[in-house]
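Notes follow the structure.
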Amino acid sequence: MDLGLKGKVVVITGAAGLKGSIGETILQHLAAEGAIPAVIDRNDRGFSYIEEIQKQGIDGLFCKTDVTNPVHIEEAIAKIVAKYGRIDALINNVGVNDGAGLDASYEEFMDSLKLNMVSYFITVKHALPYLKASKGPILNIGSKVGLTGQGGTSGYAAAKGGVLGLTREWAVDLIKHSIRVNAVIIAESWTPAYDTWIKTLENGEEKLKSIVKKIPLENRMTTPDEIADTCLFTISERSSHTTGQFIFCDGGYVHLDRSLLTE
């Protein structure tokens with residue numbers, strides 16, 4: 001299916017993670033569709049990722065950015081617009097489940113909110129004039145933690161719950177500009193960060209097996225490729241009458257009947 005993303009300038013935050021991370025996978029899928037990814041991230045890997053896709057004949061831009069700093073985000077958007085003159089879509093993908101729980105300090109809790117939610121607001125704020133001009137969609141990457149809780153991660157849970165609230169709020173605010181705003185909700189997906197977390201547990205392999213057994217569809221994790229495909233479809237004109245929605249790409253993990261569990 002041609003998603004019509006060729007030549008579209010798509011801003012994506014948090015896409016310079018390790019190979020196989022959700023953001024990096026979305027970046028590669030955008031390049032494969034012929035879109036022009038404009039990556040906002042703090043990690044220098046972004047330079048090599050853009051260099052790789054440019055060698056494939058795909059244009060792109062990396063803006064090294066601390067997304068907890070509003071000035072840095074404003075400068076990144078200005079750099080993107082200076083090069084391309086437009087923004088056709090925005091994917092807010094930053095997310096770190098940082099474990100800022102009830103025992104965290106005020107500063108640690110606020111830092112979690114700044115990274116995982118406030119950065120979304122600031123990025124949209126500065127990209128908005130250009131999205132209005134292009135009627136470009138906004139996609140927020142959410143987490144099941146914002147709906148189900150997890151324990152021990154108050155900052156991340158509050159931020160991801162807030163992202164869902166912002167998704168609906170912006171869908172209402174921007175409907176008069178024909179800007180669609182949606183969120184893709186992720187539950188259990190095998191990424192480098194997930195692998196790192198499992199390896200910190202004494203009983204990591206047993207814990208992993210227990211989690212996988214609880215995913216109703218095929219008792220397997222959602223792949224980053226499946227998430228990327230869902231994201232690209234959602235920002236494309238193939239999804240032109242979808243707004244204000246929480247789209248669960250999770251194998252039924254959050255909603256389906258517990259009787260489906262294998263044990």
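The values are calculated or read from the model by the stated rules, or taken from the named source; none is laboratory data. Since we're looking at a predicted model, the values are computed, not measured. No Cβ is skipped: glycine too gets one built from the backbone with ideal geometry, and neighbour counts run over all protein chains shown. When the accessible area is computed, the model is the full protein with side chains, heavy atoms only, and any ligands, DNA or RNA have been set aside. Shrake-Rupley method; radii C 1.70, N 1.55, O 1.52, S 1.80 Å.
Quick notes on this one:
- Rounded to 10°, Cα long-axis angle of helix 204-213 versus longest principal axis of the chain: 80 degrees
- Between the alpha-carbon centres of segment 191-263 and segment 1-70 there is a gap of 22 Å.
- Over 31 Å apart at the Cα level, from the set Lys6/Lys209; Lys135/Lys214; Lys160/Lys213; Lys8/Lys209, are Lys6/Lys209; Lys135/Lys214; Lys8/Lys209.
- Cα-centre dipole for the chain with unit charges at Cβ (Lys and Arg positive, Asp and Glu negative), debye to 20: 740 debye
- Accessible heavy-atom area order of Tyr194, Tyr49, highest first, probe of 1.4 Å: Tyr194, Tyr49
- For Asn43 and Thr148, a Förster radius of 30 Å and the Cβ-Cβ distance give a FRET efficiency of 0.55, rounded to the nearest 0.05.
- Karplus-derived HN-Hα couplings along segment 172-189 (A = 6.51, B = -1.76, C = 1.60, θ = phi - 60°), whole Hz, x at Gly and Pro: 5, 4, 9, 5, 5, 9, 6, 9, 8, 10, 9, 10, 9, 9, 10, 10, 10, 9
- To the nearest 10, the accessible area of Lys83 is 100 Å² with a 1.4 Å probe.
- Solvent exposure of the chain amounts to 48 Å² per residue of accessible area, where only protein heavy atoms count and the probe is 1.4 Å.
- Length-normalised contact order for segment 94-183 - Cα pairs under 8 Å, 6+ apart - percent: 37 percent
- Computed from label points 7 Å out along Cα-Cβ, the spacing between Arg238 and Met110 is 4.4 nm.
- With the helix formula -39500 (n - 2.57) applied to DSSP H stretches of n ≥ 4, the chain reaches a computed 222 nm mean residue ellipticity of -13500 deg cm²/dmol.
- Charged-residue dipole, Cβ positions (Lys, Arg, Asp, Glu), segment 109-260 about Cα centre, Debye nearest 20: 480 debye
- Full-extension gain in nm, His255 to Lys6, via 0.36 nm per residue minus C-alpha separation: 86.2 nm
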